[in-house]
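What follows is calculated from the coordinates using simple rules that are stated; it is not laboratory data. Quantities reported herein were computed from a predicted structural model and do not represent experimental measurements. Glycine gets a Cβ as well: all are built from the backbone with ideal geometry, and neighbour counts include every protein chain shown.
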Amino acid sequence: MNGKERKRILLVEDDPHISEGMKLNLALQGYEVIVAGDGLTGLRMWEEFRPDLIVLDIMLPHLDGLSVLRNIRLRDERIPILIVSVKGAPDDRVKGLSCGVDDYLAKPFHLDEFLLRIDRLLKKASWYGNGTGLAGEDETAPSRTFSFGENVIDFDAGTALCRTGRIVLTEQELKLLKLFVSRKGEALSRKELLEIGWGYSKDTTTRTVDNFLVRFRKYFEENPQEPVYFRSVRSVGYLFDPEGGR
């Protein structure tokens, strides 16, 4: 690529014929390409491979593409992601954009258009700084905090000020809190929390979700036995209400 460092692209696509075709044509453009055949493998390769861009299908085994997208956006808001999917209806595009995708291309697609979109997304990312790091790794970025009631969460510092004082939050606590904040006022099922927050690992169960909610209530609620911020929704899961029911 004209002597420049090769850009790394992760393809998350379960159809081997499509992924091999994409990989070949991207490699001919000078990109370094790695392929994941399912959503869980895609998440693992994103963490290990640290790509400059992700090409993501929606209908994937084990974990669907939108759950993969939401999981990544909890930790990295800047890496460019292109969805390439047969689900190309306006509603599907809107759903993808609302989950944080940068661009959306419906299958079947024209090869030149696909390559141009890849090039455009990588150039745009280079204008604003490469987005390959996890959220919070850019020391020049402004601090991101979220306040509700008497509580303040500092996502960059990984801490919170609450009724018990200043606490240090774990990476998983921060991820789940960011998910609740990004979906505030929306009832989230335990299944959805597992898929987005953990990537549906075999080692996690719905009880794991319940245990984290017990922690959050202990941290942030005036009366953990009668929560107003992290509320249970019968037959669904949990809802975060930063207004405390007001």
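If you work out P(r) over Cα pairs in 10 Å bins from 0, in percent from the coordinates, which of [x] 7, 29, 32, 21, 9, 2, 0; [y] 8, 33, 38, 17, 4, 0; [z] 7, 26, 30, 23, 11, 3, 0, 0 do you get? Identified label for the calculated read-out: [x]. The alpha-carbon atoms of region 191-246, seen along their principal axes, cover 36, 18, 17 angstrom, with the largest extent given first.
With a cut-off of 12 Å between beta carbons, the residues surrounding residue 39 carry a summed charge of -4, where Lys and Arg count +1 and Asp and Glu -1. Taking label positions 7 Å along the Cα-Cβ direction at both residue 120 and residue 225, the computed distance is 5.9 nm, reported to one decimal.
How would you rank 150-157, 108-115, 55-62, highest first, on the average number of other Cβ atoms within 10 Å across their residues?
Ranking, from highest mean packing down: 55-62, 150-157, 108-115.
For a 26 Å ceiling on Cα separation, which of these pairs sit above it: 23/124; 23/107; 123/178; 95/218; 184/218? Violating the 26 Å limit, Cα to Cα: 123/178; 95/218. Of all alpha-carbon pairs in region 46-110, indicate the percentage at a distance above 13 angstrom. Here the tail beyond 13 Å accounts for 61 percent of pairs.
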